[in-house]
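Scroll down for the structure; my scribbles are underneath it.
The values are calculated or read from the model by the stated rules, or taken from the named source; none is laboratory data. Fair warning: this is a prediction, and the values are worked out from it, not measured in the lab. No Cβ is skipped: glycine too gets one built from the backbone with ideal geometry, and neighbour counts run over all protein chains shown.
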Amino acid sequence: MAFHIVGYGTLLYTESVGDTIGTAAKEKIYKPVVIYGFKRLFDLLPTHYKPSFKISNLPVEKAAANVIEYPGARMNGLAFEVSKAELDALDQREKHYNRYETTLYDFKSGASIGTGFIYAADKNKATLTNNPTFLPDWEDISWARTGAYRQGPEFGKMYDQTTFLADGETLVVDRYANWLDELILDK
């Protein structure tokens, strides 16, 4: 049985997928999709994350990407098929999240292409914040932006236009305006 997962953060970066499922990540077909009714923001503070200290001397750069249900919102991601064993490995990796099934729309045509799973933090179990003082972990944001821009400039721009800090209002690209070139690894 096959399952479809949607990467919207570090799972946009195929090398990061490979860290979890091995060389099979290189063989996957990654389908650019749009999801409606969810907002992407860096509001999860995993207990194992250490601050990256790239743009602040304070220990605040340690937030991971998450999605919240948000009527009227849309965001992009990459859908890819996984086996049951790969799904189990991804579930273990994403232990701070629950899997939710959602409808996927083709990025280019807008046509519905079925359903897939997206990981979202459990509001009752996870360490979430709405404090915009907390910033994305540097590696997380650079991997996600690199993976997004690998799909082309339109896909990358949509990622930038739909990715927020913990307050859900401030765009990550606005806060990181002075470092955007550094946040794309394929230069």
Next on the checklist: Is it the case, given these coordinates, that Ala166 is farther than 16 Å from Gly37 by Cα, among the small types (Gly, Ala, Ser), assigned to a strand (DSSP E or B) and at pLDDT 95 or above?
Outcome noted: no
Item to check | Boolean, Tyr159 is part of a helix (DSSP H, G or I) and within 20 Å of Ile5 (Cβ to Cβ) | outcome: yes
Checklist entry - Among the residues of the stretch 13-21, is there at least one that is under 19 Å from Arg145 (Cα atoms), crowded, with 21+ Cβ neighbours inside 10 Å and in contact with a helix residue (DSSP H, G or I) (Cβ under 6 Å, 6 or more places away or on another chain)? => result yes
Checklist entry - For the stretch 30-41, does any single residue satisfy the condition of being more than 18 Å from the chain's Cα centre (by Cα) and of a type in the set (D, E, K, R)? => result no
Checklist entry - Where in the stretch 52-147 are there strands (runs of 3 or more DSSP E), lying fully within it, with 2 or more residues that are hydrophobic (A, V, I, L, M, F, W, C) and either at positive phi or surrounded by 12 or more Cβ atoms within 10 Å (Cβ to Cβ) (or both)? => result 61-82, 112-121
Checklist outcome for this item: The correct count of residues that are assigned to a helix (DSSP H, G or I) and under 16 Å from Asp88 (Cβ atoms) in the stretch 19-39 is 5
Checklist entry - Cβ-Cβ below 8 Å, separation at least six or inter-chain, first residue in the stretch 50-78 and farther than 21 Å from Asp122 by Cα, second surrounded by fewer than 17 Cβ atoms within 10 Å (Cβ to Cβ) and acidic (Asp, Glu): which pairs? => result Ser52/Glu139
Checklist entry - Which ones in the stretch 10-64 are in contact with a Pro (Cβ under 9 Å, 6 or more places away or on another chain) and of a type outside the set (Phe, Trp, Tyr)? => result Gly37, Lys50, Pro51, Ser52, Leu58, Pro59, Val60, Glu61, Lys62, Ala63, Ala64
